[in-house]
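A short worksheet on the structure shown next.
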Amino acid sequence: MGMVFGKISVETPKYTVVKSGDGYEIREYPPSVAAEITYDPSEFKDNRDGGFTVLAKYIGVFGKPENQKPEKIAMTAPVITKEGEKIAMTAPVVTKEGGGGGGEKKTVTMQFLLPEMYKKAEDAPRPTDERVVIKEEGGRKYGVVTFGGTAAEGVVREKVKKLTSDLERDGFKITGEFVLARYNPPWTLPPFKTNEVMIPVE
């Protein structure tokens, strides 16, 4: 029941707050291991979150884990998504390809961070679905803004725009595309959801 009301009872990544800005934080995250899938939403009937089920099957959310051991892996939060699309500081939106091809393809990359017990990619069980990639994420630094409600595209875009201008105003050098971190399952009531927009900085 707690999950409906936004209680986060799973492992979340540890981080150090380096600086608290006006409405945002600069955080340093230690290295971690992630299970990742990159896809065109059209593969999942245009569901941008279609990769969730594939990753959930890998860790064994729906029964027997789809990995070679098979080993059940604890769910963690947040679920991280990155767009293969660039949000420019001005309108209109300029799209950036997530892969080769005709230019219209917009890919989504979704990640589950694996529990802290997995220190290296080879410590994690190998996926049986070849779309799932296990990778090591090095230590990283982000400007982060936290917000509630449903992380609809327009809302996320506004948060990215404001956070980008706040970071630039405060002298931070942005080093890459934003990522969206969502901490609750889809059935959590919107007012109780926790989301974060994270922009990598130097």
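Go through (1) touching a Gly at 6+ places or on another chain (Cβ under 6 Å); (2) modelled with pLDDT of 95 or more for Y142 and report which single condition fails.
Y142 satisfies all of (1) touching a Gly at 6+ places or on another chain (Cβ under 6 Å); (2) modelled with pLDDT of 95 or more except (1).
Tally up the residues in region 65-80 that are in contact (Cβ under 8 Å) with a residue 40 or more places away in the chain, over 18 Å from the mean Cα position of the chain (by Cα) and surrounded by fewer than 19 Cβ atoms within 10 Å (Cβ to Cβ), please.
So the count comes out to 4.
If A121 passes every condition in (1) modelled with pLDDT of 95 or more; (2) in contact with a Phe, Trp or Tyr (Cβ under 6 Å, 6 or more places away or on another chain); (3) aliphatic (A, V, I, L, M) but one, which one does it miss?
Among (1) modelled with pLDDT of 95 or more; (2) in contact with a Phe, Trp or Tyr (Cβ under 6 Å, 6 or more places away or on another chain); (3) aliphatic (A, V, I, L, M), A121 violates only (2).
Please find, within region 130-186, the residue that is farthest from K19 (Cα to Cα) out of those that are acidic (D, E) and assigned to a helix (DSSP H, G or I).
Just the residues of region 130-186 that are acidic (D, E), to begin with: 130, 136-137, 153, 158, 166, 168, 170, 177.
When the remaining residues are screened for being assigned to a helix (DSSP H, G or I), the result is 153, 158, 166, 168.
Values: E153: 27, E158: 22, D166: 13, E168: 15 Å.
Checking each candidate, the answer is E153.
Table: residues versus (1) among the aliphatic types (A, V, I, L, M); (2) in contact with a Cys (Cβ under 7 Å, 6 or more places away or on another chain); (3) over 11 Å from Y24 (Cβ atoms); (4) surrounded by fewer than 19 Cβ atoms within 10 Å (Cβ to Cβ).
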| position | (1), (2), (3), (4) |
| --- | --- |
| L163 | yes, no, no, no |
| E168 | no, no, yes, yes |
| K173 | no, no, yes, yes |
| G176 | no, no, yes, yes |
| T188 | no, no, yes, no |
| I199 | yes, no, no, no |
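Within region 105-137, track down each residue that is free of Cβ contacts under 8 Å to residues at least 24 places away in the same chain and more than 19 Å from K64 (Cα to Cα). It would help to see each step written out before you state the result.
The initial filter retains those residues of region 105-137 that are free of Cβ contacts under 8 Å to residues at least 24 places away in the same chain, namely 117, 122, 130.
M117, E122, listed by residue number.
Condition first: acidic (D, E) and at pLDDT 95 or above. Now tell me which residues in region 145-165 satisfy that. Break it down stepwise before answering.
Our first condition is that a residue be acidic (D, E); within region 145-165, this holds for 153, 158.
Across region 145-165, the qualifying residue is only E158.
Would you tally the residues in region 9-55 being open to solvent by 20 Å² or more (accessible area, probe 1.4 Å), part of a loop (DSSP other than H, G, I, E, B) and within 20 Å of V201 (Cβ to Cβ)?
Summing the residues that are open to solvent by 20 Å² or more (accessible area, probe 1.4 Å), part of a loop (DSSP other than H, G, I, E, B) and within 20 Å of V201 (Cβ to Cβ) in region 9-55 gives 8.
State yes or no: is K105 over 30 Å from L189 (Cα atoms) and either buried (at least 19 other Cβ atoms within 10 Å of the Cβ) or at pLDDT below 95 (or both)? Even if it seems obvious, please write down each step before you answer.
Details: over 30 Å from L189 (Cα atoms): yes; either buried (at least 19 other Cβ atoms within 10 Å of the Cβ) or at pLDDT below 95 (or both): yes.
Yes.
The values are calculated or read from the model by the stated rules, or taken from the named source; none is laboratory data. Just so you know, these numbers come straight off a predicted model, no measurement behind them. We place every Cβ from the backbone using ideal geometry, glycine too, and count neighbours over all the protein chains shown. For accessibility, only protein heavy atoms count, side chains too; no ligands or nucleic acids. Shrake-Rupley method; radii C 1.70, N 1.55, O 1.52, S 1.80 Å.
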